[in-house]
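Below is one structure; the comments refer to it alone.
Quick note: the coordinates plus some simple rules give every number you see, no bench work behind them. All values reported here derive from a predicted model rather than from experimental measurement. Quick reminder, even Gly has a Cβ in these numbers, built from the backbone with ideal geometry, and neighbours come from all protein chains shown.
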Amino acid sequence: MPVQVELDPLSVTEKEAITRIAGRIIKSGLVTPAVFFLEIVKPFSLLSSHALVFFGPIITAFVNHDKYYRATELLEDPKNVEFLLSEIERLDQQIESKKNPKEVNRE
């Protein structure tokens, strides 16, 4: 009988961290590649997180050590990846609506 582990819901600080990551993705202009990549790795989020930990010693030579490993912890859960995707889409829509205020989102 398989054992299911329930991860704790995201805290406010974790949500803020994911929102900051989404903002950086949007500022870099890599929204489309990031969304494709995240959709592809979402089913393998735990494995992907372990790969990020494996490459951590190399990558942390260029980025902040603590933030990098915190991000790898957040990306272990597919729900967090889904939240990141929704934040990217939300922030991107906000930016688009500011650029084109005449267009009204009709949903």
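At-a-glance table
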item: Linear extension gain, PHE36 paired with GLU82, 0.36 nm per residue minus alpha-carbon span; result: 15.3 nm
item: Surrounding net charge for ALA17, when Lys and Arg each add one and Asp and Glu each subtract one, Cβ distance under 12 Å; result: 0
item: Segment PHE44-THR13, length gained on full extension (0.36 nm per residue, minus Cα span); result: 8.7 nm
item: For region 1-97, the spread of Cα positions along each principal axis, largest first, Å; result: 48, 36, 26
item: Translational diffusion coefficient (Stokes-Einstein; Kirkwood radius from C-alpha pairs) of region 41-97 at 25 °C, 0.890 mPa s, in µm²/s; result: 199
item: Charge context of ARG70, other residues only, Cβ under 12 angstrom, K/R +1, D/E -1; result: -3
